[in-house]
Structure formats: C-alpha cells, structure tokens
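Please read the structure below before turning to the comments.
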Amino acid sequence: MREEVKRFCSSACRLSSSSSSCSSNSTRLLWVLVPLILVSGLVSNFGPTLPALHFLSASASASASSPANETASSRGGGMVVVSGGGQSVEEKKAISDELPLLNRSSSPPVSVLEVLDFQVQQPSNGTEDEDVDLEFLTASGPAASPAPGPDSEAVNGTLDLQLGKRRRKEITNLDKVEAGLQQARLAIKEAKYGNQTLEDSDYVPAGPMYWNAGAFHRSYREMEKQFKVFVYEEGEPPVFHNGPCKSIYSMEGNFIHRMEIDPQFRTRDPEKAHVFFLPFSVAMLVQFVYIRDSHDFGPIRRTVTDYVDRVAEKYPYWNRSLGADHFMLACHDWGPETSFSVPLLGKNSIRALCNANTSERFNPVKDVSFPEINLRTGTTNGFIGGPSPSKRSILAFFAGGVHGPIRPLLLNHWENNKDPDIRVHQYLPKGISYYDMMRQSKFCLCPSGYEVASPRVVEAIYAGCVPVLISDHYVPPFSDVLNWKSFSVEVPVGEIPNLKRILEGISSRQYIRMQRRVLQVRKHFEVNSPPRRYDVFHMILHSIWLRRLNVRIQGGEFAITR
C-alpha cells in the first residue's frame, strides 16, 4: 500500500517545477491519502450487509449483447446475484434453467400481506394525501473521488483532489415508482398492527372472512391511489387484446377487455407503470393457433415466445427485471403450460391463473389465483341470490360430468340417491333446474374436474350456498386476503366416503355463520359492467398489486422475498 502511495506521489511530483515542492507535496499527499485508504478498508470489512434476499441482475437495455453469467453467490447470506443481458427469449432459456425457483412453495402462505421489511430513512406517516418522499433514494455519504482531469491538475505545483465533495444520486422514474411502493408497504404494515379504521363510503372490510381486514383495506386504498398498469399495444386480435366473454373462460376475456379500456389503472406512459401486462389470451391461442387434435403445443409456444421477444427488443422493461414486474392472465386449462413457453415468464413473472395448482408449479407468493366464472349470457343477471338457511332442505348437492380423477370417486360413492341428504348426479332429471337445486341446498359440492378450478365455486357463492372444496393442491381465489376456512368447507379427496359425517358435524349455529359470510364475500366475486369497487375485476388487480409489493427493482436488479 505504501509503495502505491509513493508511486502516486512521484507522478504528482512531475507536475511540479521544483524538487523541493515535490517533496513537500508528497508529504502532504501521504497525510491525506493514507488515512483515507485505511478508512475505506475498514468500511469494506465491517460495513452493513445486504438483507437476505434473492437479487437477480438484469440489463436495462434490450440491445445489450454480453452473455449472462453468474457473478456472485452468497448462500450464507441468502443472496444470489445473476447478471443478464439482452438476449432473445430462446437464448435466455439456458440462463433461466440455472436460476433458482423464486419462493418455491407447495402450499399457500397464510397471507401475502406479509410485505417486505425494506430499510428506509424516511418512513411514511400513513396519511392518505401524502406525497412520495424521495429523500431516502439520494446518496447521503461522500461520493467516490473523481478521476483527475484537466480542471483538477496542480495549481501552483499542487494537485486538487476535490476531497469532501458529495454527489447526489440522480432520481429516475423507476426510483419514483419504487418509492411509492415502499410507502405503500409501510402504510400496510402500520394498518396491520394498528387499530385505525379508514373511512370508506362504499365498503369497510371486517370480520373473520379476511386474514387481516385493516391491512386489506389499507392495501386496497393504496392500490386505488397509485397502481398503474401498462398494457403492451403490440399484437393483433383475435389472439391479442381479445378473449372470450360468454363461456367457462369468460373471466379471461372480461379482464382483457376491461384492462384495455380502464381509465383509472391503465397508463399510456410505461415509465409510470408498476406492472406490464402481456395481453394474449390462452383461450384464443387454443382456438386460432393450436391445430386441433395435433397434440403439438409448438405453435402456441412459438407465438408467446415471439411476442415476449418482440416487446423485450422494443422496450427496456422486460430485461430490466427479467420479467418480474410483468404479468399474464389465463383461465384456460393450458394457461400454466403456456406460461412456460418462456422460461423467465414461468419462473419470474406474475401469472394470474384460474388453474392454481401447486403440484403444477403454481407459486402462491408470486402467482395469482382468480375465480373461474361461467358467464353463459355475458352477465350475472338472474344468477345471484337465494333463500335463507331455514328454507334450504337439501344437505349437499352436485351435478356434473365425470371429468378428471376426483368426480368418478364422488359419483361412485354418492350417485343414484344412495342417501337422500346427499344429491349427486351426473345428469339432472328432466325438469329439475341446476340453479334451483343450488338455492335449495345448504352445501354445494365443488369437486375438481380435469383441472383444480371449477366454476361451481362461484356459482355456489352466487346462490348463497356454502361451497365444499374437494380438491388436492388447489389454491382458492384471493386466498391472500380471504380466509376460506371461515366460509367454506375443505374436504380432502380421501375423505369423500365420509362426506355426510363431515357436513353433519357442522352445527346449525356454525352453518348460519358460514352462510352469512358467504353473502358478505360475494361482492368480491361479482362481475359488473362497468366494474365496481371491491368486485372481481378489482380483486384480481389487487392480487397482482400485492405480488408487485413483494418485488423491489432497483439499479438493474430485483429482489423478492423468500
């Protein structure tokens, strides 16, 4: 170290015209530089450590050409750093295979409202009209000394090192977005542990149907205040910017349509966006791209890959986060498989899926479960409402086709009126209304079909019938906010023979409470045109908002909770 200082002093001496001034300058420089070098060494050895988070480094430019490589790995600190370039989606395939599966989980968390504990210097005071404080994003310590240039050369035989000057960090649009998210996190935490209640003219969540009603209410209000979605305009209908609105996949088309015309949450300025929507419809891909009975998924895979490649080359946002602030939405059974057409889309992006099956790599911390709703007429008119519990004479009801592995077990055990209290049919008798049977039943059986999701869950809620979920590996819709155990019954597949005993074990008082809660949460599953606050459209957005709160993007890196 001392030799390096001497060499630097010798170089500085050459700037002086006399040997005596050289010796004097060298002495002064030694007194200045040696303490600085010692201090910098101490800081590097004993400075603060990064939080135990996954960090993935990504290029902010789609035109970057350097190959991706793993630059650091600190297992002990819970941190992995990976550098990414601007490769095509196919070129990133090998990279993504080396990335850890973020937040791998086989079961849903208690609540995604467990938001991150990021350190900031200016905490929010939780007021509604609070401006975003960006002070904590500026550098508070001395900047690195600039390299000597023409203006910093010796004056009168001395070298001006410009020590002690501070350089403030330039605030970017991404910094502003992240600052707003950080204040939302703090406000939600304050609401979670406090007793304050926000005034709301429409609805104030309360009751055991919510994991934490106060935190949900604050989170929802924060979403309304700042959440912005950028919808990529690339792509043409019918595959893009379009979807079915009158079928079992209605929610796919309904959400895409509403997002296209939404005046509150959609932004045309990508620099202000919190998330980026990839507006392809899996149902339309199956209808118009897939060759029927070909068993070849290649055309769908290539279409999605080409689309992500296209937006990644045109915009910097995909490469900036490796897709972590992007989302897709699908209600078709092939939604999960479609997402893995692009490895980073499946691993990093937010996937809003009806088919929320943890055994098929659905990750409740990163992905969103939303309800499958069969809008046969395009609306819910005539489907919502039912009698009080005292007028429901049937214990449990189901009618439906024999699809998948679970329904045959249910039908084999309970079909053909083996027990008058459990009405299970593959085909309803002529003249019997499916919806009337639901309205007459206390419990509505909702077994999975080919996939875990079933429209019967929402049909039961519409009819005021307590849903009985018979499925394995299913994450119910909005379970980040809703406590399904308070208004539904979960029956493992292996307990189908004991179905009557389980349902009769629920007391009348407990059933009345559950049925009342079904009516209270029903607003979160209703489809409205135009959408209304707290309805299914806004609940889907809120679940996406929560997943974005779990991610922090800064300086070409993103962090996500374990």
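The values are calculated or read from the model by the stated rules, or taken from the named source; none is laboratory data. None of these values were measured; they are calculated from a predicted model. Methodologically, a virtual Cβ is constructed for each residue, glycine included, from the backbone with ideal geometry; neighbour enumeration extends over all protein chains shown.
Okay, residues lined up against (1) buried (at least 18 other Cβ atoms within 10 Å of the Cβ); (2) outside the structural domain of GLU337 (by TED's automatic domain parsing); (3) modelled with pLDDT under 95:
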| position | (1), (2), (3) |
| --- | --- |
| ARG268 | no, no, no |
| ARG292 | no, no, yes |
| VAL304 | yes, no, no |
| LYS314 | no, no, no |
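Determine whether PHE276 is crowded, with 24+ Cβ neighbours inside 10 Å and of a type in the set (Phe, Trp, Tyr).
Numbers: crowded, with 24+ Cβ neighbours inside 10 Å: no; of a type in the set (Phe, Trp, Tyr): yes.
The answer is no for PHE276.
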Run ILE496 past the list (1) closer than 30 Å to PRO336 by Cα; (2) modelled with pLDDT of 95 or more; (3) surrounded by fewer than 15 Cβ atoms within 10 Å (Cβ to Cβ) and report the number of the one that doesn't hold. (3)
Kindly list, by first and then second residue, each pair from a residue in segment 336-354 that is without any contact (Cβ under 8 Å) to a residue 12 or more places away in the chain and under 17 Å from LEU285 (Cα atoms) to a residue that is of a type in the set (D, E, K, R) and crowded, with 24+ Cβ neighbours inside 10 Å, limited to pairs with Cβ atoms under 8 Å and residues at least 6 apart or on different chains. none
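Can you work out which of the residues in segment 309-322 that are among the aliphatic types (A, V, I, L, M) and part of a helix (DSSP H, G or I) is farthest from PHE240 (Cα to Cα)?
As a first pass, look at segment 309-322 and keep what is among the aliphatic types (A, V, I, L, M): 311-312, 322.
Still in the running and part of a helix (DSSP H, G or I): 311-312.
Working: VAL311: 13, ALA312: 17 Å.
Ranking the qualifying residues of segment 309-322, first place goes to ALA312.
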Kindly provide the set of residues from segment 363-413 that are within 28 Å of the chain's Cα centre (by Cα) and outside any loop (DSSP other than H, G, I, E, B), ordered by number. VAL368, SER369
Are any residues in segment 275-308 in contact with a strand residue (DSSP E or B) (Cβ under 7 Å, 6 or more places away or on another chain), not in a loop (DSSP other than H, G, I, E, B) and not aromatic (Phe, Trp, Tyr), and if so, which ones? VAL275, VAL282, VAL304
Within segment 349-362, can one find any residue that is assigned to a loop (DSSP other than H, G, I, E, B), buried (at least 21 other Cβ atoms within 10 Å of the Cβ), out of contact with any strand residue (DSSP E or B) (no Cβ under 7 Å at 6 or more places or on another chain) and of a type in the set (Gly, Ala, Ser)? no
Looking at segment 225-266 only, could you name the residues that are in a helix (DSSP H, G or I) and farther than 30 Å from THR377 by Cα? LYS225, GLN226
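Let's see how each residue does on (1) more than 17 Å from HIS542 (Cβ to Cβ); (2) free of Cβ contacts under 8 Å to residues at least 24 places away in the same chain; (3) among the polar types (S, T, N, Q):
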site	(1), (2), (3)
SER471	yes, no, yes
VAL481	no, no, no
MET514	yes, no, no
VAL527	no, no, no
Output yes when any residue across segment 235-252 is charged (D, E, K, R), surrounded by 20 or more Cβ atoms within 10 Å (Cβ to Cβ), farther than 30 Å from ASP175 by Cβ and in contact (Cβ under 8 Å) with a residue 24 or more places away in the chain, and no when none is. yes
